[in-house]
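Undergrad: Here's a structure for you.
Values in this text are rule-based calculations from the coordinates and carry no lab data. Note that the structure is predicted; figures quoted are calculated from it, not measured. Heads up, the Cβs are rebuilt from the backbone with ideal geometry, glycines too, and the neighbour counts pull from every protein chain shown.
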């Protein structure tokens, strides 16, 4: 299997890249959306990034329109929204699909590496209680699901969409990955 570092990606401003640009760093990969009830998580993700980037953490935002079309904008519109509403300085990527037949290879690899997200069961129940159909694991459940990638490029943890950036378990996993 190819390394996560080798998967072709495009930045939100159209530059071809790969995650190997961040080799040796701890990565928190998050599928983001601008019109979601969880969108305010941008604030916490940005604070986490600013707090820990000098220690080697990089938050990476991947806009996706998979869930209730909550990311309908163009890359330029998404970038403007993130900068003006949340002062996002962490790297953002071009909109991609995180689930379904057109799932991006990055998300194919992430979900295959760690099929279950920690802490997502209550959120799944809440969505289903509102009549929103959810995809079964290993699929991404919703916007703002988080994958933690260690310094060697391995998926070391996966957290449900409802797990915010200040969550103790998420922060402990990040600190553990930064220490190794």
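Undergrad: Calculate the translational D of the stretch 41-122 in whole µm² s⁻¹ from Stokes-Einstein, where the hydrodynamic radius comes from the Kirkwood formula applied to all Cα pairs, the temperature is 37 °C and the viscosity 0.692 mPa s.
TA: 230
Undergrad: Here's something else I'd like to know. Tell me whether the stretch 83-128 comes out rounded, prolate or oblate; compute the Cα gyration tensor, take square roots of the eigenvalues as a ≥ b ≥ c, and use a/c under 1.5 as the rounded threshold.
TA: Taking the square roots of the gyration eigenvalues as a ≥ b ≥ c, the stretch 83-128 is oblate.
Undergrad: Would you mind telling me the antiparallel percentage of the DSSP bridges in the chain, rounded to 5?
TA: Here the antiparallel bridges make up roughly 55 percent for the chain.
Undergrad: Something else: Which order do 123, 159 fall in if you start with the one that has the fewest other Cβ atoms within 10 Å?
TA: By the 10 Å Cβ count, ascending: 123, 159.
Undergrad: Sticking to Cα atoms, compute the Rg of the chain to one decimal and its Dmax as the biggest Cα-Cα distance, whole number, in Å.
TA: Looking at the chain, its Cα Rg and Dmax stand at 14.9, 43 Å.
Undergrad: So, one more: Work out Dmax and Rg for the stretch 110-161 from the C-alpha atoms and quote the Rg first, both in angstrom.
TA: Calculated on Cα positions, Rg and Dmax stand at 11.7, 40 Å.
Undergrad: Using only the Cα atoms, work out Rg/Rh for the stretch 1-75, with Rh taken as the Kirkwood radius, to two decimals.
TA: With Rh from the inverse mean 1/r over Cα pairs, Rg/Rh is 0.99.
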